[in-house]
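Q: Would you mind keeping the following structure in view while I ask a few things?
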Amino acid sequence: MLFTRSALNFPAGPVQPFAPAGSKGRSRNLKLIKRHTRRRQKTRLITGLDLGTTKVCAIIGNVEEDGSVNILGIGSSPSRGIRRGVVTDIGLTVEAIRGAYEQAYNLARVHPRELLVGIAGDHICGLNREATIEVRNPEAGIDRRDCMRARDKALKVVMPATDEILHRFLKEYVVNEQPGIQDPVGLFGHNLQVRMHIVTCSTAAANNLFRCIRRAGLKTSSVVLQSLASAQAVLTERERELGVVLVDIGGGTSDIAIFHNNILHHISEIAIGGDMITQDIAKILRCTPHDAENLKKKFGHAVPLSVDADERIELPRPNHHHQRVSYSRRELAEIIEARVEDILVLVQQQIENSRVADQLYGGVVLTGGAALLEGITEVAERMLNCPCRIGKPSGLLGMAGVASTPIYATGVGLLRWAAEEGPGYQREPWLVRKTKALFDIYG
């Protein structure tokens with residue numbers, strides 16, 4: 001049920017009238033208003049903030065009790081202070097965040113308390129960890145404390161001081177040499193083994209992200225890996241079960257997430273994205289990056305043989321704007337195909353490193369801005385030798401027509417993450433971190 005912002009929604013049945021004026025009447029009226037307001041606030045207002053290399057996108061939406069997502073406002077602003085997922089200029093990034101959020105607010109007219117931010121970059125790393133403990137009381141069976149001790153042992157990862165854990169995912173337990181167990185409580189066994197997948201990020205990159213959010217006047221609730229957020233928006237439960245590769249091709253990076261049996265098995269970040277295609281076009285055709293980006297969006301194609309060899313494209317000369325030069329559209333397609341193949345070769349390497357390469361029956365799902373290139377699915381199917389489709393957010397309410405595009409996959413996925421997975425990585429207060437560090441040092 002959708003609630004309007006103009007009036008309170010009262011329950012079905014006879015409506016209890018407001019009490020007459022007077023001290024007792026006013027008190028009764030206030031109680032009625034508070035009760036109905038609490039019912040109305042069961043819908044969670046959330047902002048998803050996608051900080052990309054080419055754009056900053058803000059999406060404001062509410063999550064209903066049944067889990068449906070209603071898009072209330074969308075804003076986008078050019079990003080000039082972020083490079084390959086890492087903040088390089090705080091001032092420019094803050095300006096872009098404010099611009100995107102103001103556009104979204106002007107449409108939604110609400111300020112959500114929850115805000116989730118996507119993070120990406122080649123500083124992201126995925127680790128598979130295993131740990132084995134002795135069960136304290138095998139005769140009574142494995143209990144929750146044994147599971148917690150096993151997970152805590154697996155999380156004691158020796159990492160550089162410059163990194164920290166962003167996400168942690170349980171893959172399976174192993175009891176009596178039997179793998180694939182999700183809940184071992186009550187089982188008999190002397191040893192309990194746990195297998196987990198841990199995602200780490202650069203502490204400096206996360207700090208700069210939090211700093212930009214605060215300076216923009218917003219409060220960060222949590223941070224989520226962008227590829228995992230996109231997976232929430234575009235992957236089906238059946239694809240996750242069968243085994244699927246998500247490739248989110250953004251402007252500065254290409255993010256990879258591999259699932260099997262509804263479990264995350266591998267993540268990776270490739271420092272090549274759609275901007276590299278634009279740079280190749282600008283360099284080879286000798287045009288400005290702005291013209292190259294427009295050529296890619298308007299005339300770009302990833303399969304040269306699908307383009308008419310006689311079709312021509314006209315561009316202004318760099319030093320003589322009143323003169324124009326003509327290029328073959330097939331030549332443009334050949335430039336795009338070469339760089340797309342480079343990206344897919346790196347994707348193939350990550351698939352082979354995932355240990356589940358022969359079990360990915362769900363194929364490959366491409367999303368992100370570069371997934372809008374014509375013919376990219378054909379190249380992906382040829383290079384990766386598996387079925388491929390374009391992933392778009394679906395099942396949305398409100399501004400669904402605008403948000404149902406690969407460009408907004410991460411922003412929509414952040415809202416779905418909040419609805420289905422809860423908060424992501426949350427920075428602990430400074431005093432809590434220092435106290436834990438003291439306990440680690442002095443035991």
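The values are calculated or read from the model by the stated rules, or taken from the named source; none is laboratory data. Remember, it's a predicted structure, so these values are computed and weren't measured experimentally. Cβ atoms come from the backbone with ideal geometry, glycine included; neighbour counts cover every protein chain shown.
Q: Check off (1) farther than 26 Å from HIS111 by Cβ; (2) crowded, with 19+ Cβ neighbours inside 10 Å; (3) of a type in the set (Gly, Ala, Ser) for ALA206 and give me the number that stays unchecked.
A: ALA206 satisfies all of (1) farther than 26 Å from HIS111 by Cβ; (2) crowded, with 19+ Cβ neighbours inside 10 Å; (3) of a type in the set (Gly, Ala, Ser) except (1).
Q: Which members of segment 347-375 meet the condition of being part of a helix (DSSP H, G or I) and under 20 Å from the mean Cα position of the chain (by Cα)?
A: Within segment 347-375, VAL347, GLN350, ILE351, GLY369, ALA370, ALA371, LEU372 qualify.
Q: For segment 276-294, enumerate the residues that are buried (at least 16 other Cβ atoms within 10 Å of the Cβ) and in contact with a Pro (Cβ under 9 Å, 6 or more places away or on another chain).
A: Across segment 276-294, the qualifying residues are THR278, ILE281, ALA282, CYS287, ASP291.
Q: For THR367, state whether it is outside the structural domain of GLN279 (by TED's automatic domain parsing), in contact with a Ser or Thr (Cβ under 8 Å, 6 or more places away or on another chain) and not acidic (Asp, Glu).
A: Answer is yes for this residue.
Q: Taking the options THR253, THR203, name whichever one is closer than 23 Å to LYS156 by Cβ and in contact with a Ser or Thr (Cβ under 9 Å, 6 or more places away or on another chain).
A: None of the others qualify; the one that does is THR203.
Q: Please name all residue pairs, on different chains or six or more residues apart, with Cβ atoms under 6 Å, provided the first residue is in segment 145-163 and is assigned by TED's automatic domain parsing to the domain that holds TYR173 and the second residue is in a helix (DSSP H, G or I).
A: Close Cβ pairs satisfying both conditions: THR162/THR203.
Q: A further question follows. Could you please let me know if GLU352 is acidic (Asp, Glu) and either under 26 Å from TYR408 (Cβ atoms) or touching a strand residue (DSSP E or B) at 6+ places or on another chain (Cβ under 9 Å) (or both)?
A: Spelling it out, it is not the case that GLU352 is acidic (Asp, Glu) and either under 26 Å from TYR408 (Cβ atoms) or touching a strand residue (DSSP E or B) at 6+ places or on another chain (Cβ under 9 Å) (or both).
Q: I've got another one for you. When segment 212-251 is examined, which residues are found to be touching a strand residue (DSSP E or B) at 6+ places or on another chain (Cβ under 6 Å), of a type in the set (Gly, Ala, Ser) and surrounded by 24 or more Cβ atoms within 10 Å (Cβ to Cβ)?
A: SER227, ALA229, SER230, ALA231
Q: Can you pull out the residues in segment 295-311 that are under 34 Å from the mean Cα position of the chain (by Cα) and either buried (at least 16 other Cβ atoms within 10 Å of the Cβ) or over 29 Å from ALA271 (Cα atoms) (or both)?
A: Hits for segment 295-311 are LEU295, LYS296, PHE299, GLY300, HIS301, ALA302, VAL303, PRO304, VAL307.
Q: Looking at this structure, is ASP89 farther than 16 Å from GLN226 by Cβ, modelled with pLDDT of 90 or more, of a type outside the set (Val, Ile, Thr) and surrounded by fewer than 18 Cβ atoms within 10 Å (Cβ to Cβ)?
A: Yes; evaluated as a whole, the condition is true for this residue.
Q: Could you tell me which residue of segment 312-346 is nearest to the chain's Cα centre (by Cα), considering only residues that are surrounded by fewer than 15 Cβ atoms within 10 Å (Cβ to Cβ) and of a type in the set (Gly, Ala, Ser)?
A: If we take residues in segment 312-346 being surrounded by fewer than 15 Cβ atoms within 10 Å (Cβ to Cβ) and of a type in the set (Gly, Ala, Ser), then ALA338 is nearest to the chain's Cα centre (by Cα).
Q: Kindly list, by first and then second residue, each pair from a residue in segment 381-405 that is more than 19 Å from GLY363 (Cβ to Cβ) and outside any loop (DSSP other than H, G, I, E, B) to a residue that is among the aromatic types (Phe, Trp, Tyr) and modelled with pLDDT of 90 or more, limited to pairs with Cβ atoms under 9 Å and residues at least 6 apart or on different chains.
A: VAL402/TYR408
Q: Moving to a separate point now. Would you pick out the residues in segment 62-78 that are touching a residue at least 60 places away in the same chain (Cβ under 8 Å), farther than 14 Å from GLY401 by Cα and crowded, with 20+ Cβ neighbours inside 10 Å?
A: Scanning segment 62-78 gives a single hit, VAL63.
Q: Limited to segment 174-196, what total is found for residues that are over 27 Å from the mean Cα position of the chain (by Cα) and closer than 11 Å to ARG151 by Cα?
A: Residues in segment 174-196 being over 27 Å from the mean Cα position of the chain (by Cα) and closer than 11 Å to ARG151 by Cα: 2 in total.
Q: For segment 64-90, which residues satisfy the criterion of being in a loop (DSSP other than H, G, I, E, B) and farther than 22 Å from GLU421 by Cα?
A: Within segment 64-90, SER79, ARG80, GLY81, ARG84, GLY85, THR88, ASP89 meet the criteria.
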